[in-house]
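For reference, the structure is listed below as structure tokens.
The values are calculated or read from the model by the stated rules, or taken from the named source; none is laboratory data. Just so we're clear, the structure is a prediction, and the values are computed from it rather than from any experiment. Please note: Cβ atoms are built from the backbone with ideal geometry, for glycine as well, and neighbour counts cover all protein chains shown. To get the accessible areas, we keep the full protein, side chains included, count just its heavy atoms, and leave off ligands, DNA and RNA. Shrake-Rupley method; radii C 1.70, N 1.55, O 1.52, S 1.80 Å.
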Amino acid sequence: MTKKTQRIVKKVAKNGAWAISDIFFIALKALGTGFMILLTTVAVFSCIFLIYLRTNISTGLEINPNDIALSEASVIFAIDPETGEEVDLVTLQWTEFRRNVTLEEVPEHLIEALLAIEDHRFWRHNGVDWYRTAGAFMNMFLSMRDTFGGSTITQQLIKNLTHEDDVTVQRKLQEIFRALEFERQWSKDEILEMYLNIIYFGHGRFGIGEAANFYFGKDVSELTLAESAAIVGITNNPSRFSPYANRRANKERQEIILRRMHELEFIDEHELRHAINEPLNFRRGEDETFQPVIYTWFEEAIIRDVIRDLQMRRGYNAQWATRVLYTHGLRIRATIDLEMQAIVDNIYQNRDNLPRVTGSTQPLQSGIIVADPFTGEVRALSGGTGAKTSNMLLNRATMTRRPPGSAIKPISVFAPAMEFGLIIPSSQYNDSPNTSLNGTTWMPRNADRSFRGVVTVETALRLSLNTVPAIILDEMGPSAGFSFLTDALGFQLNPADENYAPLAAGQLTNGATVREMTSGFTIFPTGGERMELRTYSRIYDTDGNIFMDNPPVGVRVLEENNAHMMTAILHQAVVNGTGGAANLGRSMPTAGKTGTSNESQDRWFVGFTGYYIAGVWTGFDTPARMSSQGNPAAHIFRMVMTPIHEGLETRQFTTPGRPTHRPPVGAGGIETTSYTLNLLDIMGSTISQQSRTGILGEEITVHAPALQYYEIVGDRSRTITLSSDPGRNQIVFVYRWIGSSTADPDNDDDDDGDEYTPPDELQPDLDPTPDPQPEPDPTPDPIPDPPPQPDPAPDPIPDPPPQPDPIPDPIPDPPPQPDPIPDPIPDPPPQPPAPPPDPDPTPEEPIWPDSLFPPVTPDT
């Protein structure tokens, strides 16, 4: 090699060494940079993870595990009004069967069988088996499945205590941290004992003590190794490994556990073979004679109310609230009146006692609540008709939602409008086919397809006209009526109900419950205070201390005199209006409102006396059109409330004072005139004469009212233009006497002596110019006291005409009944018809005469 070549080689070597050195340092620098980035990333993610744990993971348990041992049954009791002593109504039966045992009672081989298959490192870990946990997470990420596994006995105990079993990373992390904290508070023996007493063994059996009795009919301390392994094998999947469901699967699972015990040297080869070959004699234990209690409608209402209140007031979840109610030895004081409940049960449990209704092969269903409006205490209720044969059914008094029809008008339109200063009872409105609304093109018609001209608010509500509440709602605004129902009265309504037809006619989207309606009407007898209805008043713990109080809750939503004025009108609705079938007579003034939904699928009555309030719904479970004599809900109201008030002193309603405000006249101050409706027989004798008010110069069409025992002769409608001379404003209809042969002899629903009651709300027609049709019978005289009356004729309910307008059908309102009809005339002897007797008996004197609310005119 020449010197020149040597110099070149040395130079190349030197340069190569420097290059390698540079590469090495660059690599080190890159490696250091990467390490720093990794370290920073780990630090950042660690901080994020710690923040996540701090904000999203709860390490503490809100439930005390010591409560697991508490399994004393709770009791619902009432107070005997005569003796003041407690009367136990029912002992609540928990759906879980449990026998708590101590760890000393459990055989060692049973504990070893459990640990062998569930958590063999139980005595060595601190609540979390990190080997199994790491493997579970790796399995999750590699297989992309969200099944974790790897739970220890401690973690499974926590899962059973909290009932949190959703498959998420957050829940698993929370379970891990809770287990670590849990083992710092409780010893291994305590954790194992709690687990053995809470684990589920199938067929409603919880805890090893109950399982030993249920599967082998013996005490847990008597279980053999083979039996212990068979029972432990059930816990993995009770529905699969229960010997009563799959004997072969249980045996296979038992042998797996025994072989695992042998692997862990818990048992030797001889014990293994002996246990595998030992016959298993499964036999059900002593609880097989258990018969479940059928709770009453009232008791189930209490159960649901207590669970709801425990969640709202104590913050429990639904499962823990239910467990506390059934197993914590509580004593729950019911608001029930046993005598009132017996009256309700006697009527509701035997369907033969209910009014006769046709229209469907389904049995008539009904829900009723009777309450003290001044305390909110529910005294009696029924959630259905017929015998109750199972538990936790749909309660038609507290849970079923159905459209209330015109029964909603007093609380959705009239009461709020009166409270807002828009109306007083004597305010006048024009009940006319020419009336229209400003906020909508919708306008209902009255049930009888006739119009009465200018009427007062009192008359409109008493006769349940459809036009007037629509006009008032238009002035007030649907939002005001909707807000009054939801905010002031607590109704749960669909947002779509903030509209004309739902509020003015009661065709609510989802309907209302009997409980909501009854609670809403408490504002009238209480003088404006809405009372929350409650089924229990107080709960005591096992030591007799107050566990949870449930005092009266009342909120004033109506000025007192406004409530009295509304009560006066609702009283007249029973005495001289659509609610005659609910009248309790002169000795017990009654107020209330009927309601009928579209197609007569739901019939309601909500009413009250000076003592009690009651709401009644009737209908079919699958909605169908009902045909009945009168309103069946009003009839049931009287059937229930009459014996309840028997022996009570007459309690008059408070007479209202003069209104403190003077709203504008609803008729707009236009000039009015009167016209007379003359009903004559063919001999020219006057049957009835009715005076009405109309607008001067208006053309009106009046339809002949249908009269019991008479048929119309000649034209069924008359059209006149009202003049300033009342003497010229005469409308005459002629009738022929036909006797009582048209009465339905098979319909004896109304054998209580009251006269014919017209349908309260038939489906109103949206067509503003209806064809003439016969008008239902007028409102009856108040129920005479006490002479009986002949059986009434059936209630004509004509089919509604086609509805061309796509707007929802409003709820029908009762036909106008301005004057009482005379008492029914007895059947004449078999000879030519004779003139009817005097048709004008003296009616019961109303508590508030019509003159109490004189019409407001622009000049007064």
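General observations
- Considering Asn438, Asn446, the condition of being closer than 21 Å to Gly580 by Cα and outside any helix (DSSP H, G or I) is satisfied by Asn446 alone.
- Listed by first and then second residue, the pairs with beta-carbon distance under 7 Å, at least 6 apart or on different chains, first residue in segment 106-126 and in contact (Cβ under 8 Å) with a residue 24 or more places away in the chain and closer than 18 Å to Asn197 by Cα, second in a loop (DSSP other than H, G, I, E, B) and open to solvent by 10 Å² or more (accessible area, probe 1.4 Å), are Glu112/Phe266.
- Residue in segment 263-272 that is of a type outside the set (A, V, I, L, M), closer than 30 Å to Glu86 by Cβ and open to solvent by 20 Å² or more (accessible area, probe 1.4 Å) present: no
- Glu532 being within 19 Å of Met399 (Cβ to Cβ) and of a type in the set (Asp, Glu): yes
- Qualifying residue in segment 382-400 (condition: among the charged types (D, E, K, R), under 24 Å from Ala505 (Cβ atoms) and at pLDDT 95 or above): yes
- Selection of segment 338-370 for residues being farther than 24 Å from Gly630 by Cβ and assigned to a strand (DSSP E or B) yields an empty set.
- For segment 499-515, the set of residues classified as assigned to a helix (DSSP H, G or I) and either of a type in the set (Val, Ile, Thr) or surrounded by fewer than 22 Cβ atoms within 10 Å (Cβ to Cβ) (or both) consists of Val514 only.
- Candidates in segment 597-622 are the residues that are touching a strand residue (DSSP E or B) at 6+ places or on another chain (Cβ under 7 Å) and open to solvent by 10 Å² or more (accessible area, probe 1.4 Å); of these, the one that is farthest from Glu560 (Cα to Cα) is Asp621.
Listed here are the residues, each with its yes/no results for (1) closer than 23 Å to Arg401 by Cβ; (2) among the aliphatic types (A, V, I, L, M).
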residue	(1), (2)
Asn281	no, no
Val293	no, yes
Asp305	yes, no
Asp309	yes, no
Tyr316	no, no
Leu330	no, yes
Leu338	no, yes
Pro355	yes, no
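- Answer from Thr162, Thr133, Thr168 - the residue that is open to solvent by 50 Å² or more (accessible area, probe 1.4 Å), modelled with pLDDT under 75 and of a type in the set (Ser, Thr, Tyr): Thr168
- Hits in segment 424-450 (condition: touching a Gly at 6+ places or on another chain (Cβ under 9 Å) and open to solvent by 10 Å² or more (accessible area, probe 1.4 Å)): Gln428, Asn430, Gly439
- Selection status of His564, more than 23 Å from the chain's Cα centre (by Cα) and farther than 18 Å from Ile411 by Cα: no
One line per residue, one yes/no per condition, for (1) open to solvent by 10 Å² or more (accessible area, probe 1.4 Å); (2) β-branched (Val, Ile, Thr); (3) farther than 25 Å from Asp487 by Cα; (4) outside any strand (DSSP E or B):
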{"position": "Ile523", "(1), (2), (3), (4)": "no, yes, no, yes"}
{"position": "Ile539", "(1), (2), (3), (4)": "no, yes, yes, no"}
{"position": "Met566", "(1), (2), (3), (4)": "no, no, no, yes"}
{"position": "Ile569", "(1), (2), (3), (4)": "no, yes, no, yes"}
{"position": "Gln572", "(1), (2), (3), (4)": "no, no, yes, yes"}
{"position": "Ser587", "(1), (2), (3), (4)": "yes, no, yes, yes"}
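- From the list Val344, Val306, the one residue that fits, being in contact with a Leu (Cβ under 6 Å, 6 or more places away or on another chain), buried (at least 17 other Cβ atoms within 10 Å of the Cβ) and touching a residue at least 60 places away in the same chain (Cβ under 8 Å), is Val306.
- The set of residues from segment 99-122 being under 21 Å from Asn236 (Cα atoms), modelled with pLDDT of 90 or more and open to solvent by 60 Å² or more (accessible area, probe 1.4 Å) comprises just one member, Glu108.
- Single residue of segment 638-668 satisfying the filter (modelled with pLDDT under 80 and not basic (Lys, Arg)) that is surrounded by the most Cβ atoms within 10 Å (Cβ to Cβ): Ala667
- Within segment 229-251, residues that are open to solvent by 30 Å² or more (accessible area, probe 1.4 Å) reach partners that are modelled with pLDDT under 90 and assigned to a helix (DSSP H, G or I) with beta carbons closer than 8 Å, at six or more positions or on different chains, in the pairs Ala245/Ser239.
- All positions within segment 371-389 that are free of Cβ contacts under 8 Å to residues at least 40 places away in the same chain and either open to solvent by less than 40 Å² (accessible area, probe 1.4 Å) or not in a loop (DSSP other than H, G, I, E, B) (or both): Thr385, Gly386
- Pair list, Cβ under 7 Å, 6 or more apart: segment 153-168 residue farther than 18 Å from Val232 by Cα, other residue crowded, with 18+ Cβ neighbours inside 10 Å and at pLDDT 80 or above: Ile158/Phe182
Every residue, every condition in (1) more than 28 Å from Asn213 (Cβ to Cβ); (2) in contact with a Ser or Thr (Cβ under 7 Å, 6 or more places away or on another chain); (3) in a helix (DSSP H, G or I); (4) modelled with pLDDT of 95 or more, yes or no:
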position	(1), (2), (3), (4)
Ala245	no, yes, no, no
Ile256	no, no, yes, yes
Glu265	yes, no, no, no
Pro279	no, no, no, no
Arg284	no, no, no, no
Glu288	no, no, yes, no
Gln291	no, no, no, no
Glu299	yes, no, yes, yes
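For every residue, the table says whether it meets (1) without any contact (Cβ under 8 Å) to a residue 60 or more places away in the chain; (2) of a type in the set (A, V, I, L, M); (3) in a helix (DSSP H, G or I).
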{"residue": "Phe182", "(1), (2), (3)": "no, no, yes"}
{"residue": "Glu193", "(1), (2), (3)": "no, no, yes"}
{"residue": "Glu210", "(1), (2), (3)": "no, no, yes"}
{"residue": "Asn213", "(1), (2), (3)": "no, no, yes"}
{"residue": "Met261", "(1), (2), (3)": "no, yes, yes"}
{"residue": "His274", "(1), (2), (3)": "yes, no, yes"}
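- With respect to (1) open to solvent by 20 Å² or more (accessible area, probe 1.4 Å); (2) in contact (Cβ under 8 Å) with a residue 12 or more places away in the chain, the lone exception for Val324 is condition (1).
- Every residue from segment 487-498 that is open to solvent by 10 Å² or more (accessible area, probe 1.4 Å) and touching a residue at least 40 places away in the same chain (Cβ under 8 Å): Ala488, Gly490
Matching residues to (1) within 27 Å of the chain's Cα centre (by Cα); (2) charged (D, E, K, R); (3) more than 24 Å from Ala397 (Cα to Cα):
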{"residue": "Gly527", "(1), (2), (3)": "yes, no, yes"}
{"residue": "Gly544", "(1), (2), (3)": "no, no, yes"}
{"residue": "Phe547", "(1), (2), (3)": "yes, no, yes"}
{"residue": "Pro552", "(1), (2), (3)": "yes, no, no"}
{"residue": "Leu570", "(1), (2), (3)": "yes, no, no"}
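- Search result, residues across segment 390-420 that are open to solvent by 30 Å² or more (accessible area, probe 1.4 Å) and at positive phi: Met392
- Every test in (1) at pLDDT 80 or above; (2) closer than 30 Å to Leu437 by Cβ; (3) open to solvent by less than 70 Å² (accessible area, probe 1.4 Å); (4) part of a loop (DSSP other than H, G, I, E, B) is passed by Val702 save one, and that test is (4).
- Per the listing Thr719, Thr757, the residue uniquely part of a loop (DSSP other than H, G, I, E, B) and either at pLDDT below 85 or not charged (D, E, K, R) (or both) is Thr757.
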